[in-house]
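S.K.: Okay, handing you the structure first.
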């Protein structure tokens with residue numbers, strides 16, 4: 001069921017509310033379909049490795065960190081530049097014994113869309129792809145100049161995220177940093193309030209990481225997902241040695 005099927009302008013009986021369907025999952029028990037979610041963590045903890053793994057898994061219909069996914073097109077907004085994804089994507093393909101042609105459902109946007117300035121041009125670009133998931137990495141790069149600690153400042157950003165979700169009928173995930181206090185995501189609490197799902201990636205010893213659910217609006221929180229960032233080495237074009245990291249469930 002699309003979000004628009006239950007209009008905000010319609011009075012619903014209690015019986016109708018009880019008959020509403022349970023959430024459908026893009027990544028089972030972790031990310032609902034057509035949801036707004038945030039993956040957040042400290043700098044250099046490996047957020048983009050995890051979100052790229054999610055993007056590739058959904059594009060292929062593979063399981064993501066041992067959670068089944070619903071296959072479909074994915075758009076990845078690489079707001080900090082797409083060049084760093086060359087190695088990461090190569091490592092993912094090598095580790096998963098896949099070919100680049102297998103990822104025909106995955107597309108990248110190589111510039112930061114400025115959410116507070118409107119998203120019409122992005123929507124025109126994205127509509128033909130009919131994505132089931134849009135990943136915006138990072139939120140800070142896509143909201144330059146916004147006062148993150150102000151509810152009024154982040155309001156237009158949230159409005160644009162909701163518009164992307166509604167207009168494309170898709171799940172939207174944003175990648176965000178922690179502040180000086182690493183116990184929560186940076187900026188206004190309005191960000192978490194707007195999210196259906198909030199996930200922290202927490203760094204542990206070495207390359208070990210844990211995904212922790214802090215909010216799941218319409219379902220129970222998922223159990224923590226323990227993983228490690230596995231180092232992958234391979235030989236690239238013209239014999240050039242390549243190395244990067246890929247998430248691996250432990």
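The values are calculated or read from the model by the stated rules, or taken from the named source; none is laboratory data. None of these values were measured; they are calculated from a predicted model. Note that we place each Cβ from the backbone using ideal geometry, even for glycine, and neighbour counts take in every protein chain shown.
S.K.: For region 229-244, what are the residues that are surrounded by fewer than 18 Cβ atoms within 10 Å (Cβ to Cβ) and either in contact (Cβ under 8 Å) with a residue 12 or more places away in the chain or not in a strand (DSSP E or B) (or both)?
M.R.: Answer for region 229-244, where residues must be surrounded by fewer than 18 Cβ atoms within 10 Å (Cβ to Cβ) and either in contact (Cβ under 8 Å) with a residue 12 or more places away in the chain or not in a strand (DSSP E or B) (or both): 230, 231, 234, 236, 237, 238, 239, 240, 242, 243.
S.K.: Only strands (runs of 3 or more DSSP E) wholly contained in region 20-131 count here; list those with 1 or more residues that are surrounded by 18 or more Cβ atoms within 10 Å (Cβ to Cβ) and free of Cβ contacts under 8 Å to residues at least 60 places away in the same chain.
M.R.: 25-27, 74-78, 106-109
S.K.: Do we find that residue 173 is modelled with pLDDT under 95 and in contact with a helix residue (DSSP H, G or I) (Cβ under 9 Å, 6 or more places away or on another chain) in this structure?
M.R.: Spelling it out, it is not the case that residue 173 is modelled with pLDDT under 95 and in contact with a helix residue (DSSP H, G or I) (Cβ under 9 Å, 6 or more places away or on another chain).
S.K.: Follow-up. What is the residue count in region 143-177 for residues that are crowded, with 17+ Cβ neighbours inside 10 Å and not in a helix (DSSP H, G or I)?
M.R.: Result for region 143-177: 11.
S.K.: Hey, another quick one. Show the residue pairs meeting these rules: Cβ distance below 8 Å; 6+ apart or different chains; first residue within region 134-150 and free of Cβ contacts under 8 Å to residues at least 40 places away in the same chain; second residue part of a loop (DSSP other than H, G, I, E, B).
M.R.: 143/114; 144/112; 144/114; 149/187; 149/188; 150/188
S.K.: With the requirement that a residue be within 13 Å of residue 29 (Cα to Cα), touching a strand residue (DSSP E or B) at 6+ places or on another chain (Cβ under 6 Å) and outside any strand (DSSP E or B), what does region 195-228 give you?
M.R.: Correct list: 196, 221, 222, 224.
S.K.: Additional query: Answer with yes or no whether residue 192 is in contact with a strand residue (DSSP E or B) (Cβ under 6 Å, 6 or more places away or on another chain), in contact (Cβ under 8 Å) with a residue 40 or more places away in the chain and under 12 Å from residue 40 (Cα atoms).
M.R.: Answer is yes for this residue.
S.K.: Additional query: Tally the residues that are out of contact with any strand residue (DSSP E or B) (no Cβ under 7 Å at 6 or more places or on another chain) and at pLDDT 95 or above, restricting the search to region 145-161.
M.R.: Final tally of qualifying residues: 7.
S.K.: Given the conditions (1) part of a helix (DSSP H, G or I); (2) over 19 Å from residue 219 (Cβ atoms); (3) free of Cβ contacts under 8 Å to residues at least 24 places away in the same chain, report the number of the one that residue 12 does not fulfil.
M.R.: Of the numbered conditions (1) part of a helix (DSSP H, G or I); (2) over 19 Å from residue 219 (Cβ atoms); (3) free of Cβ contacts under 8 Å to residues at least 24 places away in the same chain, the odd one out for residue 12 is (1).
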